[in-house]
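All remarks here apply to the structure that follows.
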Amino acid sequence: MISQKLSKATKNMKSSLIRELVASTRNIPDLISFAGGFPSPKTFPRETLSKLYADVVLNEGEQILQYGASEGDPLLKEELLKWEGYDLSPEQILITAGATNAIFYMTSALLDPGDVIICEAPSFLGSLVAFDALGAELCGIPLDKEGISLTVLQDKVHELQSAGKKVKFIYTIPDFHNPAGITMAYQRRKDLIEYALAMNIPILEDNPYSRLRYSGEAIPTLFRIAFEEYNNTEIVTEVVSFSKILGPGLRLAFVKGSKTLIERMCSWQQKVNISPDNISQRVVAHFLAEGYMEPHLQFIQDFYRPYLDKMLTAMSEHLPAYIQYSKPQGGIFTWLWLPQDMSADLLFDTAKAHKVTFIPGSKFYPAGQEQNNCLRLNFSYSSLTQIDKGMQNLGKIMTDFYT
Ligand SMILES: Cc1ncc(COP(=O)(O)O)c(C=O)c1O
């Protein structure tokens with residue numbers, strides 16, 4: 001039997017509990033789901049992309065339907081550097097099939113089994129399970145309103161290093177955090193960079209959401225702060241995904257960082273998939289070159305703004321006063337804190353029976369470090385009416401559940 005032949009890593013691999021949870025609610029009629037993390041299909045620029053795909057295949061097909069470079073399409077790299085306004089060499093960028101691949105390559109390049117990755121607690125489950133599958137020990141650091149708690153981080157790193165552990169990198173989602181909806185304050189970003197520089201601990205900045213800002217002032221990314229204020233392109237590796245901007249089906253992201261690390265990550269890409277999809281890369285290069293990106297981003301921001309506003313208003317109107325929640329200015333998630341003795345895992349079953357779902361917060365923590373009195377709500381996939389109705393129902397369910 002093949003199951004007896006599986007590697008230890010495969011046997012121990014965790015499945016995505018979130019996929020299972022979402023699947024368990026799929027066939028419930030009239031369910032209002034705040035569980036998934038999908039962007040609205042109404043934000044996909046279908047007409048422009050279909051025209052660009054046709055043009056690329058027709059006019060550049062001889063080259064583009066060939067095998068592509070493992071480093072990524074040179075034209076796309078050029079356009080990305082112009083778009084973001086960086087004076088970097090193309091060797092400092094790698095194009096990957098989604099952020100998931102970039103995160104996998106960086107971890108594969110740096111980690112030996114048993115090494116420690118510091119993550120925020122809560123954090124994005126997709127990354128946590130990948131880190132775990134590659135043999136990482138995960139150390140979760142709590143978030144406050146301004147981002148990762150630096151005092152806890154410093155104490156933990158000290159503790160780990162004193163125990164002889166190797167801390168390989170810090171994984172953070174500074175903008176419109178998934179799942180916590182928090183954006184790291186500017187000063188916290190600087191303090192984190194200074195600490196990382198002093199300790200020589202690389203930072204992996206996962207950035208799928210910074211362009212989904214619906215109000216307030218943008219805060220520079222960690223990579224930009226390190227580049228502009230510390231003249232450093234080594235300490236932060238930033239991964240930017242197109243999944244929430246253009247559509248996750250494209251499977252496209254790019255990563256910027258140290259030339260040496262990018263080269264090693266590229267070496268992993270060669271082994272795993274040779275290159276990302278060549279056609280999608282060239283299509284996105286044209287999307288940028290022909291000036292579609294800025295109006296499209298404006299469109300997405302205008303599209304999502306009422307959904308976030310509705311979610312925040314509905315939460316303040318319908319949720320019991322003892323529920324605390326993040327008030328993001330963008331992204332696609334909000335995060336709720338329940339009273340200490342109120343379990344979101346138990347609430348999930350009751351809510352599901354009343355046709356409302358969310359993801360219990362415990363799913364977003366490294367194993368053994370779970371908190372149960374928290375949950376994530378997505379606001380990019382339901383209609384405005386469903387958001388209002390869903391929050392009204394959830395408020396009632398919470399009140400009945402916690403008396
Ligand atoms: C924080 C974070 N990182 C990475 C990803 C995965 O991105 P991609 O679709 O580019 O692999 C997601 C998707 O939800 C995410 O929220």
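None of the figures in this text is laboratory data; all of them are computed from the coordinates on show. Predicted, not measured: the structure shown is a model, and the values here were computed from it. We place every Cβ from the backbone using ideal geometry, glycine too, and count neighbours over all the protein chains shown.
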**Asked** Which percent, to the nearest 5, of DSSP beta bridges fully inside the chain are antiparallel?
**Response** 50 percent
**Item:** Inter-centroid distance (Cα atoms) of the range 136-155 relative to the range 358-403, Å
**Value:** 23 Å
**Complete:** CD proxy, 222 nm, the chain: helix-only mean residue ellipticity via -39,500 (n - 2.57) per DSSP H run with n ≥ 4, per residue, nearest 500, stands at -14000 deg cm²/dmol
**Prompt:** Using a ≥ b ≥ c from the Cα gyration tensor of the range 1-115 (square roots of the eigenvalues), is it rounded, prolate or oblate, where a/c under 1.5 gives rounded and otherwise the larger of a/b and b/c decides, a/b for prolate?
**Reply:** oblate
**Request:** Report the extension gain between residue 402 and residue 83 in nm, rounded to one decimal, defined as 0.36 nm multiplied by the number of residues separating them, less their alpha carbon distance.
**Result:** 109.9 nm
**Message:** Using Cα springs under 10 Å in a Gaussian network model of the chain, which residue among 149, 15, 362 shows the largest mean-square fluctuation?
**Reply:** 15
**Prompt:** Sorted by packing (mean other beta-carbon atoms within 10 Å per residue), highest first, where do 113-124, 186-197 land?
**Reply:** 113-124, 186-197
**Prompt:** From the backbone phi of the range 388-403, what are the Karplus-calculated ³J(HN,Hα) couplings (6.51 cos²θ - 1.76 cosθ + 1.60, θ = phi - 60°) in whole Hz, Gly and Pro given as x?
**Reply:** 5, 5, x, 5, 4, 5, 4, x, 5, 4, 5, 5, 5, 6, 10, 10
**Item:** Which of 132, 349, 206, 55 has the fewest Cβ neighbours within 10 Å, and the rest in rising order
**Value:** 349, 55, 132, 206
**Asked** How many angstrom lie between the C-alpha centres of the range 70-92 and the range 264-324?
**Response** 19 Å
**Request:** Can you find, among 276, 114, 176, the residue farthest towards the positive end of the dipole of the range 47-293? Put +1 on the C-beta of Lys and Arg, -1 on that of Asp and Glu.
**Result:** 114
**Request:** Select from 48, 67, 154 the residue farthest towards the positive end of the dipole of the range 47-293; place +1 on Cβ of Lys and Arg, -1 on Cβ of Asp and Glu, and compute about the Cα centre.
**Result:** 154
**Asked** For the range 47-293, what is the convex hull volume of its Cα atoms per residue in Å³?
**Response** 120 Å³
**Message:** To the nearest 20 Debye, how big is the dipole of the chain about its Cα centre, given +1 on the beta carbon of each Lys and Arg and -1 on that of each Asp and Glu?
**Reply:** 1020 debye
**Request:** With a/c under 1.5 counting as rounded, go ahead and sort the range 90-159 into rounded, prolate or oblate using the C-alpha gyration tensor (a ≥ b ≥ c being the square roots of the eigenvalues; past the cut-off, prolate if a/b is larger than b/c, else oblate).
**Result:** prolate
**Prompt:** In whole percent, what relative contact order does the range 47-293 give with Cα contacts below 8 Å and a gap of six or more residues?
**Reply:** 30 percent
**Asked** Under a no-solvent Debye model with one identical scatterer per Cα of the range 203-244, what's log10 I(q)/I(0) at q = 0.28, 0.32 Å⁻¹?
**Response** -0.99, -1.09
